[in-house]
Amino acid sequence: MSGITSVLLIYQMMSASEAPSQALAILQYALLACSLIGLVGSVVMSLQER
């Protein structure tokens, strides 16, 4: 799920036709960071279970 979220956020940020407000840009980057941290955490936990 976090991988899908990361891809979707990156796509939305790269395909924007105009610059978002500063608050929205900060929110998007914070959500992207959280989703990437979640993705890495999920992969690490999956590898540790093996």
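The values are calculated or read from the model by the stated rules, or taken from the named source; none is laboratory data. What you see is a predicted model; the values in this text were computed from it and never measured. Neighbour counts run over all protein chains shown; Cβ positions are idealised from the backbone, glycine included. All accessible areas refer to the heavy atoms of the entire protein, side chains included, with ligands and DNA or RNA removed. Shrake-Rupley method; radii C 1.70, N 1.55, O 1.52, S 1.80 Å.
General remarks:
- Filter result for Ile10 (open to solvent by 90 Å² or more (accessible area, probe 1.4 Å) and at pLDDT 85 or above): no
- All positions within region 6-50 that are touching a helix residue (DSSP H, G or I) at 6+ places or on another chain (Cβ under 7 Å) and of a type in the set (Gly, Ala, Ser): Ser6, Ser35, Gly38, Ser42
Residue by residue, here is whether (1) surrounded by 11 or more Cβ atoms within 10 Å (Cβ to Cβ); (2) at pLDDT 90 or above; (3) in contact with a strand residue (DSSP E or B) (Cβ under 7 Å, 6 or more places away or on another chain) holds:
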site	(1), (2), (3)
Ile4	no, no, no
Pro20	yes, no, no
Ile37	yes, yes, no
Leu47	no, yes, no
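- Tally of residues being farther than 20 Å from Ile37 by Cβ and of a type outside the set (Asp, Glu) across region 1-26: 10
- The number of residues in region 22-33 being under 15 Å from Ser2 (Cα atoms) and open to solvent by 90 Å² or more (accessible area, probe 1.4 Å) comes to 1.
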